[in-house]
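Working notes for the structure below.
Each reported figure results from applying straightforward, stated rules to the coordinates on display, with no laboratory input. Keep in mind the model is a prediction, meaning the values are calculated, not measured. Quick reminder, even Gly has a Cβ in these numbers, built from the backbone with ideal geometry, and neighbours come from all protein chains shown.
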Amino acid sequence: MTTSPTNAPVSGGRSDALRALANELAAFPPETSATADALTFCDMTTGPAGERVTMPERLAEIARRYGDDHLVVRCLRQARDHLDGAVGRTAARLRAAGLAELSADVGHSSPF
C-alpha cells in the first residue's frame, strides 16, 4: 500500500496503512510462550534507564515520550489486555518459583 502526503494525515489514510500492516503481520503467528510473556514482563517493568517500574509507570512514560496520539501509544492501548495477561502470568510464574520479590508491585491491572 502506498500512502501519499495528501492522505497520510487523514484518519482514513492511517486506517488503510494500519490494515495493510496488519495483513503483512498476519503471516507471522503470534508467540504465546512463557518466554514471550517474560520478554513482555521485562519490557513493561523496566524503565528507559534500566530502573524497575510498574507497568502503569512504564506505559505513562511511553505516552509522555511519544504523545498520546502516536501510533506506538495507540497500539499499546489496544494491546493492553495482552500486556496485562503476559505480565500477570509471568508474575505468577515468578511467585511459583519462589521469586516473589521480582513479581511484587508490577501493577499490571491499573488503567492506561
Interchain or long-range residues, amide H under 5 Å from THR46's placed H: VAL53
Rounded to the nearest 0.05, FRET efficiency between GLU101 and ARG80 (Cβ-Cβ, R0 22 Å) equals 0.30
Proxy reagent accessibility, fewest Cβ within 10 Å first, across ASP37, ASP68: ASP68, ASP37
Which whole-number percentage describes the relative contact order of the range 32-103, with Cα contacts under 8 Å and a sequence gap of 6 or more? 32 percent
Given 0.36 nm per residue, what is the gain on full extension from GLU31 to ARG52 after removing their alpha carbon distance, in nm? 5.1 nm
Using 0.36 nm per residue of separation minus the Cα-Cα distance, give me the extension gain between TYR66 and ASN23 in nm, one decimal. 13.0 nm
